[in-house]
Amino acid sequence: MPELVESSRDGHVALLRLNRPEARNALSPELMEQLAGELERLDPDPEVRCAVIAGSEKVFAAGADIRAMSERSFSEVLRHPAASFWRRLAAIKTPMIAAVSGYALGGGCELALACDMIVAAEGAQFGQPEINLGIIPGGGGTQRLARVLGKQRTMEYVLTGRRFDAADAHAMGLVNRVVADGRWLEEALALAADVAKQPPIAARLAKQAVLVAEETALSPGIENERRLYELAMATEDRVEGMTAFLEKREPKFEGK
Ligand code: CAA
């Protein structure tokens, strides 16, 4: 069977490419299992400091697999591994960047939203078209979009199924950068390489701290940040970072 997720590595950056072109990278149970499994395999690897999730030039991912969903009974929905897929993604500690070209629709948009940053090609199209199918987003779309776009704009997209383009996504704060169509993957990998240069324990703690902002009120969020900061202060990398600064040289981080 062909790999539904092609995994490669360049230095400390892992690249995971969805590879199901005949179904526009629709998130079949098999593809979700491979993607979550590969991320879980890479997550504890100290050599991996940032992961990029990408599709093809034409499509990031067209959402959940409508063919598979159409045959699912209600009791199967309740037991379906899709629910744990989104939890498994949310549990990944390695910083993740979505490199989006073409369509990121439904579960595809939710997959991008589940990443920590998004780099989009000019021609990328985002949307939550589930309403057109008689359902609603089920992978965090209503929640994560509302946190970034606000209630009114999110309502428009989830109630009409209307798509929005990369420029709008950028203007609304969903996308970190919009790049020329041929450069989306290169730019995402360059951003990942910048993250991978950083001390990896601090990068993971920083990710954890920022994600807490989506969940909690300000004071407990600040308390949590303080604990994570204290952990960062216990690392050898912070000794190296501070010493290198004072010695006016480049730091060499070991992930310790
Ligand atoms: N699931 C299963 N198959 C899909 C699919 C999907 N989400 N999207 C596309 N495909 C299949 C098509 O059925 C078609 O298969 P056949 O060749 O066997 O007919 C093939 O991929 C090519 O599709 P198109 O001819 O439609 O390709 P296109 O390039 O003209 O259009 C597209 C691309 C705009 C992405 C279009 O395919 C599309 O609108 N797809 C559906 C998008 C959608 O509604 N996503 C939401 C899914 S529900 C969801 O995601 C729930 C959730 O939140 C968890």
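Output the residues belonging to the stretch 119-144 that are assigned to a helix (DSSP H, G or I) and closer than 19 Å to Val100 by Cα.
Within the stretch 119-144, Pro129, Gly141, Arg144 qualify.
Does any residue in the stretch 79-100 that is basic (Lys, Arg) come within less than 8 Å, Cβ to Cβ, of a residue that is assigned to a helix (DSSP H, G or I) six or more places away or on a different chain, and which pairs are these?
So the pair list comes out as Arg88/Ala36; Arg88/Leu39; Arg88/Glu40; Lys93/Arg204; Lys93/Lys207; Lys93/Gln208.
Select from the stretch 15-37 the residues that are within 13 Å of the ligand (Cβ to nearest atom), assigned to a strand (DSSP E or B) and out of contact with any helix residue (DSSP H, G or I) (no Cβ under 6 Å at 6 or more places or on another chain) and list them in ascending order.
The answer is Leu18, and nothing else.
Residues that are away from the ligand (no atom under 11 Å from the Cβ), under 25 Å from Arg177 (Cβ atoms) and not in a strand (DSSP E or B): does the stretch 73-89 have at least one?
Scanning the stretch 73-89 turns up at least one residue that is away from the ligand (no atom under 11 Å from the Cβ), under 25 Å from Arg177 (Cβ atoms) and not in a strand (DSSP E or B).
Show the residue pairs that are 6+ apart or on different chains and have beta-carbon atoms under 6 Å apart, the first residue being within the stretch 145-161 and at positive phi and part of a loop (DSSP other than H, G, I, E, B), the second being surrounded by 14 or more Cβ atoms within 10 Å (Cβ to Cβ) and modelled with pLDDT of 95 or more.
The qualifying pairs are Gly161/Pro129; Gly161/Ile131.
Could you count how many residues in the stretch 38-48 are charged (D, E, K, R) and either within 12 Å of the ligand (Cβ to nearest atom) or surrounded by 14 or more Cβ atoms within 10 Å (Cβ to Cβ) (or both)?
2
Before we move on, is Asp181 touching a Gly at 6+ places or on another chain (Cβ under 6 Å) and more than 15 Å from the ligand (Cβ to nearest atom)?
yes
Is there a residue in the stretch 114-127 that is within 11 Å of the ligand (Cβ to nearest atom), more than 25 Å from Glu40 (Cα to Cα) and over 12 Å from the mean Cα position of the chain (by Cα)?
Yes, that holds for at least one residue.
The values are calculated or read from the model by the stated rules, or taken from the named source; none is laboratory data. From a predicted model like this one, the values you see are computed outputs, not experimental measurements. As a convention, Cβ positions derive from the backbone with ideal geometry for all residues, glycine included, and neighbour counts pool all protein chains shown.
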